[in-house]
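Student: Input: one structure, supplied below.
The numbers here are math on the coordinates, done by the rules we state, and not lab data. This is a predicted model, so every value here is computed, not measured. Glycine gets a Cβ as well: all are built from the backbone with ideal geometry, and neighbour counts include every protein chain shown.
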Number of protein chains: 2
Amino acid sequence: MRDPLKVSLAQVDYTVNDFDQNAARIEAVIASAGSTDLIVFSELALSGYYPQDLLLEPDFVDRQQVALERVLSASRGCEAHLVLGLVTRHEGIGKPLRNSLALIHRGEVLLTYHKQLLPTYNIFDERRHFEPGGRHAALAHIRGWAVGFLICEDGWNDEELDYAVNPLEDLAEAGAQIVISINASPSNIGKRAQRHRIFGLASQRYGLPIVYVNQVGGNDQLVFDGASFIAAPAGLVFESPRFVESCQTVEFTAEGIGLPGGLPLPELAPALPDCEFYYRQILLGLQDYCRKIGFRSVVIGSSGGIDSALTLALAADALGPENVVAVTMPSRFSSAGSVDDSVVLCERLGVKLFEHPIGALYDTYLGGFDAAFGVPASGLTRENLQARIRGAVLMAYSNHFGHLVLSTGNKSEISVGYATLYGDMCGGLNLIGDLYKTEVFALARWYNEKAGTDVIPRAILEKPPSAELAPDQKDTDSLPPYEVLDEILKLRIEGTYLRPDEFAEASRFVADLDRRDGGELHRRVRLLIARSEFKRKQAAPIIRLRGRAFGTGRQVPLAAHFT
Amino acid sequence: MRDPLKVSLAQVDYTVNDFDQNAARIEAVIASAGSTDLIVFSELALSGYYPQDLLLEPDFVDRQQVALERVLSASRGCEAHLVLGLVTRHEGIGKPLRNSLALIHRGEVLLTYHKQLLPTYNIFDERRHFEPGGRHAALAHIRGWAVGFLICEDGWNDEELDYAVNPLEDLAEAGAQIVISINASPSNIGKRAQRHRIFGLASQRYGLPIVYVNQVGGNDQLVFDGASFIAAPAGLVFESPRFVESCQTVEFTAEGIGLPGGLPLPELAPALPDCEFYYRQILLGLQDYCRKIGFRSVVIGSSGGIDSALTLALAADALGPENVVAVTMPSRFSSAGSVDDSVVLCERLGVKLFEHPIGALYDTYLGGFDAAFGVPASGLTRENLQARIRGAVLMAYSNHFGHLVLSTGNKSEISVGYATLYGDMCGGLNLIGDLYKTEVFALARWYNEKAGTDVIPRAILEKPPSAELAPDQKDTDSLPPYEVLDEILKLRIEGTYLRPDEFAEASRFVADLDRRDGGELHRRVRLLIARSEFKRKQAAPIIRLRGRAFGTGRQVPLAAHFT
């Protein structure tokens, strides 16, 4: 006999290692959830995902225990069952910890389940800390429903990932009537569609509804989009909002799935257009990075180019223009537009702009170089000096006024090393470093369309890309056009991590190109990527937006042979 | 019936991803090995250890195949069996590759074995790329001997690591009379003793001799010391030289283990004193980093302090003083000794010293700051500006002359963030970043003793440590004495990765300290470590010397809560 079962999807923004704050947020959700039978929090909810080597600290589980006690205590005052993710100790052979799930009711842990499939690819490294759980179907009966439990990767045993065990199938065979999956699934372009496909197919295959609850918020490079959902055999029936905290309740009855009180579920929101997705992910990533680290304001070098203009616009929207400062640092190689376009841009954004010319410093460096080393500095040296002066000026502003420096390199430049280490690469965070140059243009155009006016001046959008470090310099002097470069980069950097449509397009494009020039340009770009690895090793964290971003998702040696 | 079995331990310096060069080195060993029955190369010999995400490139195994064909071809011309490590494809469920061993004879692969225990701790991350081999005892009969095969971690199932499978025990039970273990075991202080203890105990427990062959050479942060050895039930009987390539042959007979022709084995070399160990590991690390990346010379900022003095001395020994350049960059806060001591030091080392005063640049920066931002730069801003000017001068030298910049921070400073990002942290490699300040002093004193004269001037060894960025500044103005700080750091950064004697000492010291001040200083140091994580994320690679070094061996989030 199945009574209606009300399930609440609690999509919370946790801070890693902040057990007090995480417990407080969970308590607040419990207090305000209203009438419900089961409140579902996400994977490693007590600690936030992912604590990395903080897990190795001997007092980690003890500190988590204090948060768990608070949640147990809160559960005593509520009717509902709670489900949440936490770290548990493992006494047997192997790693001393497990990534676990607890079902809690009225101050008691009714059931503990240990994640069986631990991901070890891309940005995931869970085998470093956790022992996998043994094969086990975790089920509990709640209001007459056989509810099964899974943690994240446990549900991803699809054709691509191909594990020897299929915990979802095991739950279905053990008689689950509904499956609860708790997750910490980082967001990137195409990820939501992938989740819907995999869990949609699984729901259909096993004839079971699956409640998928994700955390939300930015943690270093990673942004979690929330977007918790319910997959039913007939298709997706419910989705929580993206990029915000939420707790919504859905009712399962013998007849189907609806809102409590028999109301129909709201219509599903459509997928976000790519640019809107990037925009919202970057905003949340920056907001949370600042909040969790303790910055309220940022400073950005404004070159009059598209990268810094877009970064300024995104930062102004994320933090409020009053918390964003721009500095224009013209040199003798800067075009007139460098300052003028920065002035117009910052006026339109409402951002304070400082002007700090670098000519005197540049001349002093060149004179000192000649005097100390007996030769005039070479062209490349001069170019890098300008970038390093600008980096030092921004860092001085940051040291004095306490603003976080945002670096402004895009993925195309970072891929081929078209950036100066300790120069324009200075900064505590990079908002657009996972967008290819062609995407930077697209996002800037989208930004203006959204605003209904050219907030980013047309002059910035239309000038040919240039570092302006030498007379009449253009990016295309030393790089292929970005439309060509970006397709090669997509294939070389991301490959099968691309969305299927992007992979097909890039593969076709590069195959054509290779046929035309015998692979010449492709080889040159490959070498540029390899030879600039040392720069990326020392780069600021980049907010991850795409399938494979620079950072922990791509680990390449330096002292290696490259052809 | 067992004939004498001659086994050659081929300890080779491979370059990651350089299949041609690695094959050529293996061919050269085969050609010059002389009379032998079995030549043992190390783990992943064809590709070098560790290729990281280059393993994900679709043509990796195909490119390796060319090297394998060359080795197969070379084996046709020789009597001996060959054993080496390589990557193989895995067709079943799970990761598409395995970390494997091949036994080769006369152009044929007689046996392939797949590593069962894949390490996922400290600097190891093999689950990211490899599927473990199934439980299997790999044995071959060579000249009447039952020879068993293992790969690295397979032999490390001791009380600490505690895996569910024990491949060494399985080999013993399957009747192995001798075990060949191929390894890529990075070197750190205490590691050699640990290897001897673990394999010595295993040899004794199973009554089997174990031939342990390791690679040698530097790969990014990691240095492999070679130090291949043979553990026999009665104890260690043979060891290859450390930090150099070698191929030596040992003969197993029914009576025991000796050199070919019945000669007795040479006496074992004693353990290296700590300082000599650090010295040799750093030299090889720098030499290989330069050679494999393509640098021949380095440039170092010489402050007149102990860190840069030691770095200069080490670099001069590693690359020859003619390939080392020093730059002294005095400011108004520099002591007279800053330049004078650098002059004496560089004369004694035979290193070219340039002087590049930074006063004019410093004044220009301060004037520009005031003019642009309307206030004079704060004290901290001024300190960082000096460090950043020096960094930019060194990078300009590097850009113009093609020398690699070596950064000079020690582990104590890097731990607490007592260093300027994009300033003194500039550089492509750091030689002493895994030595605490007290160890830097010890190594400098040892260096002078070894030389029999004060190559590093007494004035440098005796002055109190100071960044010299403000009037009369001393490190102890803002940090506890290094004797105290370093014990806290050892415990917080390395903990149980310390050598047992160090762990005991640091634990006792810190427990005493905590009792005396209620944990106040300990808490302060913990916060300093946490709050400087963003600097370490952008630091140059540090040659790893100790159990737990900054880099991939210690992975900590930024946007987290720390108390």
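Student: When you count, for each residue, the other Cβ atoms within 10 Å and take the mean per peptide, how do B:543-552, B:139-148, B:444-453, B:207-216 rank with the highest first?
Tutor: Peptide ranking by packing, descending: B:207-216, B:543-552, B:139-148, B:444-453.
Student: For region B:74-178, what is one quarter of the convex hull surface built on the Cα atoms, given in nm²?
Tutor: Hull-based average projected area comes out at 7.7 nm².
Student: How big is the Cα convex hull of the protein assembly as shown in projection, averaged over all directions, in nm²?
Tutor: 44.9 nm²
Student: Moving to a separate point now. If you average the C-alpha positions of region B:476-528 and of region A:382-403 separately, how far apart do those two centres end up, in angstrom?
Tutor: Centre-to-centre (Cα) distance: 35 Å.
Student: Explain nothing, just the number: dipole magnitude of region B:79-197 about its Cα centre with +1 on each Lys and Arg Cβ and -1 on each Asp and Glu Cβ, in debye rounded to the nearest 20.
Tutor: Computed charge dipole of region B:79-197: roughly 380 debye.
Student: A further question on this structure: So for each of B:483-494, A:165-176 I average, over its residues, the number of other beta carbons within 10 Å; can you give me the resulting order with the highest mean first?
Tutor: Highest to lowest by the protection proxy: B:483-494, A:165-176.
Student: While we're here: Show me the three semi-axes of the equivalent ellipsoid for region A:497-562, from the C-alpha gyration tensor (sqrt of 5 times each eigenvalue), largest first, rounded to whole Å.
Tutor: Values for region A:497-562, descending: 24, 19, 8 Å.
Student: Distances from A:ASP370 to the same residue in each other copy, label points 7 Å out along Cα→Cβ, in nm, shortest first?
Tutor: 2.7
Student: Separate question: Given the DSSP H assignment, sum -39500 (n - 2.57) over each helix run of at least 4 residues in the protein assembly as shown and divide by its residue total; what's the result at 222 nm in deg cm²/dmol, nearest 500?
Tutor: Helix contribution divided over all residues of the protein assembly as shown: -12000 deg cm²/dmol.
Student: While we're looking at this one, here's another question. Pull out a ≥ b ≥ c, the square roots of the eigenvalues of the alpha-carbon gyration tensor of region A:245-404, then state rounded if a/c is under 1.5, prolate if not and a/b is larger than b/c, and oblate in the remaining case.
Tutor: Note, shape of region A:245-404 comes out prolate.
Student: Under a crude label model (7 Å from the Cα following the beta-carbon direction), how far is B:LEU236 from B:ASP517 in nanometres?
Tutor: According to this spin-label approximation, the distance is 3.9 nm.
Student: What is region A:1-160 by shape, rounded, prolate or oblate, if you read a ≥ b ≥ c off the alpha carbon gyration tensor as root eigenvalues and call it rounded for a/c under 1.5, prolate for a/b larger than b/c, and oblate otherwise?
Tutor: In terms of gyration-tensor shape, oblate.
Student: Out of the DSSP beta bridges found with both residues in the protein assembly as shown, what percent are antiparallel (nearest 5)?
Tutor: Close to 55 percent.
Student: Next question. To the nearest 0.05, how large is the calculated FRET efficiency for B:GLN21 and A:LEU268 if R₀ is 41 Å and r is the Cβ-Cβ distance?
Tutor: 0.15
Student: Still on this structure, please answer the following. Would you give the gap between the C-alpha center of region A:107-136 and the C-alpha center of region A:53-101, rounded to a whole Å?
Tutor: Region A:107-136 and region A:53-101 have Cα centres spaced 12 Å from each other.
Student: Further question on the same structure: Pull up the DSSP beta bridges for chain A and report the antiparallel fraction as a percent, rounded to 5.
Tutor: Approximately 60 percent, going by the DSSP bridge assignments.
Student: Sticking with this one: Can you give me the distance in nm between label points at B:GLU449 and B:GLU483, each placed 7 Å from the Cα along the Cα-to-Cβ direction?
Tutor: It works out to 1.8 nm between the two label points.
Student: Where a ≥ b ≥ c are the square roots of the eigenvalues of the C-alpha gyration tensor, would you call region A:439-561 rounded, which needs a/c under 1.5, or, failing that, prolate if a/b is larger than b/c, or oblate?
Tutor: rounded
Student: A follow-up question, please. Highest mean first, what order results for B:373-379, A:339-345, B:265-271 on Cβ atoms within 10 Å?
Tutor: Answer by packing, highest mean first, reads A:339-345, B:373-379, B:265-271.
Student: What distance in nm separates the two pseudo spin-label positions at A:ASP363 and B:THR563, each 7 Å out from Cα along the beta-carbon direction?
Tutor: 5.7 nm
Student: To continue, here is another question. With respect to the cross-link table entries B:LYS191/B:LYS463; A:LYS537/B:LYS490; A:LYS191/A:LYS352; A:LYS95/A:LYS490; A:LYS537/B:LYS95; A:LYS6/A:LYS191, which display a Cα-Cα separation exceeding 30 Å?
Tutor: Over 30 Å Cα-Cα: B:LYS191/B:LYS463; A:LYS191/A:LYS352; A:LYS95/A:LYS490.
Student: Ok, one more. Using the Cα centre of region B:383-476 as origin and beta-carbon charges of +1 (Lys, Arg) and -1 (Asp, Glu), tell me which of B:VAL440, B:PRO457, B:LEU394 is placed farthest towards the positive end of the dipole.
Tutor: Checked the options; the winner is B:LEU394.
Student: Now for a separate question. What is the mean number of Cβ atoms from other protein chains located within 10 Å of the Cβ atom of each residue in peptide A:91-98, rounded to a whole number?
Tutor: Mean shielding by partner chains, rounded to a whole number: 2.
Student: Give, in nm to one decimal, the length gained when the segment between B:ARG89 and B:ARG135 is fully stretched (0.36 nm per residue of separation minus the Cα-Cα distance).
Tutor: 14.8 nm
Student: Can you tell me the dipole magnitude for the protein assembly as shown around its Cα centre, using point charges on the Cβ only (Lys, Arg +1; Asp, Glu -1), in Debye to the nearest 20?
Tutor: 220 debye
Student: Which whole number gives the average, over all residues in A:380-393, of C-beta atoms from other chains lying within 10 Å of the residue C-beta?
Tutor: Per residue, the number of nearby Cβ atoms from other chains is 5 on average.
Student: Moving to a separate point now. Taking A:GLN473 in one copy and the same position in all the others, each labelled 7 Å out along Cα→Cβ, what are the pairwise distances from the first, in nm, shortest first?
Tutor: Those separations, rounded to one decimal, come out as 3.1 nm.
Student: Also, I was wondering about something else. For the protein assembly as shown, build the charge dipole from Cβ charges (+1 Lys, Arg; -1 Asp, Glu) around the Cα centre, then report which of B:PRO270, B:GLN116, B:CYS78 sits farthest towards its positive end.
Tutor: The Cα lying farthest towards the positive end belongs to B:PRO270.
Student: Right, another one. Which aspartates and glutamates, on any chain, are close to B:LYS292 with Cα under 16 Å apart, when same-chain ones fewer than 8 places away are left out?
Tutor: Output for B:LYS292: A:GLU533, B:ASP13, B:ASP18, B:ASP20, B:ASP220, B:GLU245.
Student: Gap in Å between the Cα centre of region A:149-223 and the Cα centre of region A:270-319?
Tutor: Between the Cα centres of region A:270-319 and region A:149-223 lies a distance of 30 Å.
Student: May I pose another question? Remind me, relative contact order of region A:125-280 in percent, using alpha carbon pairs under 8 angstrom and six or more residues apart?
Tutor: For region A:125-280, the relative contact order is 15 percent.
Student: What aspartates and glutamates sit close enough to B:LYS115 to cross-link, taking a C-alpha to C-alpha distance under 17 Å and skipping anything fewer than 8 places away on the same chain?
Tutor: Those aspartates and glutamates meeting the cut-off are B:GLU43, B:GLU91, B:ASP125, B:GLU126, B:GLU131, B:GLU153, B:ASP154, B:ASP158, B:ASP162, B:GLU169, B:ASP170.
Student: Kindly put B:CYS78, A:CYS290 in sequence by how many other C-beta atoms sit within 10 Å of each C-beta, fewest to most.
Tutor: B:CYS78, A:CYS290
Student: Any idea which of B:LEU353, B:ALA470, B:HIS561 is furthest toward the positive side of the dipole for chain B, if Lys and Arg beta-carbons carry +1 and Asp and Glu beta-carbons -1?
Tutor: The Cα lying farthest towards the positive end belongs to B:HIS561.
Student: Additional query: How large is the charge dipole for region B:475-531, taken about the Cα centre, if only the Cβ atoms of Lys, Arg (+1) and Asp, Glu (-1) carry charge, to the nearest 20 debye?
Tutor: My answer is approximately 340 debye.
Student: Sort shortest first the distances from B:GLN21 to its counterpart in every other copy, using label points 7 Å along the Cα-to-beta-carbon line, and give them in nm.
Tutor: 4.7
Student: Take every residue in peptide B:417-429, count the Cβ atoms of other chains within 10 Å of its Cβ, and give the average of those counts.
Tutor: So the per-residue partner count for this stretch is 3.
Student: Antiparallel as a % of all DSSP beta bridges within region A:6-149, to the nearest 5?
Tutor: Expressed as a percentage, antiparallel bridges in region A:6-149 total about 70.
Student: Taking θ as phi - 60°, what are the ³J(HN,Hα) couplings along region B:126-143 by the Karplus curve (6.51, -1.76, 1.60), each to the nearest whole Hz, with x for Gly and Pro?
Tutor: 6, 5, 4, 10, 10, 8, x, x, x, 4, 6, 9, 8, 10, 9, 9, 10, 6
Student: What number, in nm² with one decimal, is the all-direction average of the projected area of the convex hull of the alpha-carbon atoms of chain A?
Tutor: Reported value for the Cα convex hull: 28.8 nm².
Student: Still on this model: Given a cut-off of under 8 Å on Cα pairs at least six residues apart, what relative contact order in percent is computed for chain A?
Tutor: 11 percent
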